[in-house]
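J.: Okay, here's the structure, questions in a sec.
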Amino acid sequence: MKSSFLSQWARNNIQTLTLVSLLLISSTSIYLSGQSRLVTPAQIGVSVLGLGQEILTNIYSGITGFLGSVQEISDLRAKYQELQSQFQEYQGFERQFAELRAENQRLREQLKFMESQTSTLIPAIIIAKDPSNITKTIIINRGHLHGIRKNDAIIAYQGKDYGLVGRVIEVGFTSSQVQTVLDPGNFVAARFQKSRYEGLIVGLGAGKEMMRMLYIRKQAKDDFQEGDLIITSGNNSLYPRGIPLGRVQHITEKMYETNLEIDVTPVVDFSRLEYVFVVQEREG
Amino acid sequence: MKLRYAVYFLILFIIFLIQSAWIARLLQWGSQPAIYLIFLLWLGYQEGRQPTQIIGFLSGFFLDLLMGLPIGISSFVLTLFGFLAGTAKGRFIYDNLFYPMVLAFLSVIYKYLLYHVLFFIFQLEQRNNIIFSGHLVLELFFTSLVAPIIFILATSIKNRFVKSYGGFQGG
C-alpha cells in the first residue's frame, strides 16, 4: 500500500525527481572533481549580513554622495566663475603686454633714428586727428612748454624710412596743431633727388593720401620717372632741406598746360602714424 | 524519443563546437552570444521540462569537460535552466522577436548569477569576475540580438527536416 503510494507519487513528480537527482549528481561531481569544500553556515551568515550591510552602505553612500555632489557642483560653479574672471583678466594682461612690447619696439626704433640725426628732434605723440578729414591736420602732445615754435617741421620715422609730415601752424601750451603735407593749403618747396628739378608740393586733401608736384616744365619729363624720390628743397626756409617727401606715382602731360602734373605718394604712411619728431635746426 | 534527444544533444554539441571554434575567433570583443542557452530555451518551449533538463545536464557535463571547469558545475546550471525553460511549454504563445530576446537576456543573467553562487557555495576559485563587467553587457547584447535568429532557424529546421522522419518524431 505504502510502496504503491510512493510509486504513484514518483510517477506524478517524475520531472521534479529527475531535476533533484541531476542536481545532486552535479553537486556531488563539483564537490569531488574540484577538491572543493562546502561553504560553512558562518560563511553564509557573513555573506548574507555582508550583503545587507553593503546594500545599506551603498544607500548611505548614494545619499551622502548625491548631497555632496550638489554642494560640489555649487562649489565648482563658483570656482569656475572665479577662474573665468581670472582668465579674462590674464587675457587682458596678455593683450596689454603684447601692446607694450610692440610699443617698446616702435619707441626703440624712434630713439635710434633720433640719435642718428644732426638736427634737434623733439619726439611727440599724435594725440588727435581732424575727425572731419577736411583739413588734414593733426594734434601732437608737445607745445610751448617743450620749446615748440610755429612753423617747426614735423617728420616721422617708419620702418627704415623717414619723411616729412608737415609743419606746426598753432602752438598751444602743451600741444600743437600740425598741418600735414596732405593738406591742400600746405605748399612745400621740393625737388627731385636725382634730377634736381624744383617745384611745389601740395596736398590733394580730403579722402586722398596723395600729393601733387606743380611747376615742373614739360621739357624735364625725360629726366625723371615713376618711383623717383622727391625731397624738400629748403628754398622757402620753412622746412630743412633734404627731407624725403614722396615718390612719383604718375605723370600727366596736358596739351594746354606748359607744366606737368605729377602725382606723388608720400613716404610717410599717414594711416598708421603714431609718433613724430619736431625738427629744430641747431643754431650756430 | 531517445533518437530525438540524441539529435538535440548532437545539435547542442555542434553549437558548442561552432561557438568555441568560430564565433570566439570572429568576435574579438572578448564576449560572444550564448547560443547554447538560446537553443535550450527554444528546446524547453518545444519539448518541455523533462527532455530539456536531461539534455541540459548532459550538455553541461560536456561543457565542463570541454572548458576545463569543475565537473558538474555547468551540469547544475544547465539542468536547472532546462527545467525552467521547459516550464514555458504550452503556457503561452511566443512571437519570434520579443519572447526570444527578453528570455535570452534573462538567461544570461541567470547563468552568471548561478555560476557565481555555485562558485561561492563550493568555495571554488573564481577565474574571472565577469559580473558587473563590460563582458556581461556585451554578452547580453549579442545574445539578445541573436536569439530571434536562432529561434527562427531552429523552428525552420525542425519543421522542414525533423518532421519528415516519422521515427524521429516518435515519442
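The values are calculated or read from the model by the stated rules, or taken from the named source; none is laboratory data. All figures in this text were calculated on a predicted structure; none of them were measured in a lab. Reconstructed Cβ throughout: ideal geometry from the backbone, glycine too, with neighbour counts over all protein chains shown. Remember, those area values only see protein heavy atoms, side chains included, never the ligands or the DNA or RNA. Shrake-Rupley method; radii C 1.70, N 1.55, O 1.52, S 1.80 Å.
J.: Go through region B:60-97 and flag every residue whose accessible area shrinks by 20 Å² or more with all protein chains in place compared to the isolated chain (probe 1.4 Å).
T.: By number: B:70, B:71, B:72, B:76, B:79, B:80, B:83.
J.: Ok, one more. Over region B:41-98, average the accessible area per residue using a 1.4 Å probe and give it in Å², no decimals.
T.: That works out to 39 Å² per residue.
J.: A follow-up question, please. I'd like the mean, over residues of A:16-25, of how many other protein chain beta carbons sit within 10 Å of each residue's own Cβ.
T.: Counting other chains' Cβ atoms within 10 Å and averaging over A:16-25 gives 6.
J.: Below 15 angstrom from the Cβ of residue A:113, what's the summed charge of the other residues (Lys, Arg +1; Asp, Glu -1)?
T.: 0
J.: Moving on. Given a cut-off of 19 Å, name the pairs among B:89/B:158; A:150/A:208; A:136/A:208; A:150/A:194; A:194/A:218; A:129/A:208 whose C-alpha atoms lie farther apart than that in the structure shown.
T.: Beyond 19 Å: A:150/A:208; A:150/A:194.
J.: Could you tell me which GluC sites (Glu not before Pro) in region A:189-267 are loop residues by DSSP with no more than 12 other beta carbons within 10 angstrom of their beta carbon?
T.: Within region A:189-267, the qualifying GluC sites (Glu not before Pro) (loop, at most 12 other Cβ atoms within 10 Å) are A:226, A:257.
J.: Please give the average number of partner chain Cβ atoms lying within 10 Å of the Cβ of each residue in B:49-56, rounded to a whole number.
T.: Going residue by residue through B:49-56 and averaging, the value is 3.
J.: What whole-number value in Å² describes the accessible area per residue of region A:96-190 for a 1.4 Å probe?
T.: Spelled out: the 1.4 Å probe surface of region A:96-190, per residue, equals 54 Å².
J.: Are there any helices in chain A, counted as whole DSSP H runs, that stretch 24 Å or more along their axis by Cα and score at least -1.0 on average by Kyte-Doolittle, and if so which?
T.: What comes out of the filter, once short or polar helices are dropped, is A:14-33, A:41-116.
J.: Exposed loop trypsin sites (Lys or Arg not before Pro) only (DSSP loop, at most 15 other Cβ atoms within 10 Å): please give the longest stretch of chain A free of them, not including the sites.
T.: A:38-148
J.: Tell me, what % of the accessible area of the protein assembly as shown is carbon and sulfur with a 1.4 angstrom probe?
T.: C and S atoms contribute 61 percent here.
J.: Another question, if that's okay. Among residues other than residue B:150 whose Cβ falls under 15 Å from its Cβ, what is the net charge (Lys/Arg +1, Asp/Glu -1)?
T.: Overall, the nearby charge balance is -1.
J.: Same structure again: Please report the buried accessible area for the interface of B with A, total over both chains, probe 1.4 Å, in Å² to the nearest 100.
T.: Its buried surface, counting both partners, is about 1800 Å².
J.: Taking a temperature of 10 °C and a viscosity of 1.306 mPa s, what whole-number D in µm²/s does Stokes-Einstein yield for the protein assembly as shown with Rh from Kirkwood over alpha carbon pairs?
T.: The estimated diffusion coefficient comes to 49 µm²/s.
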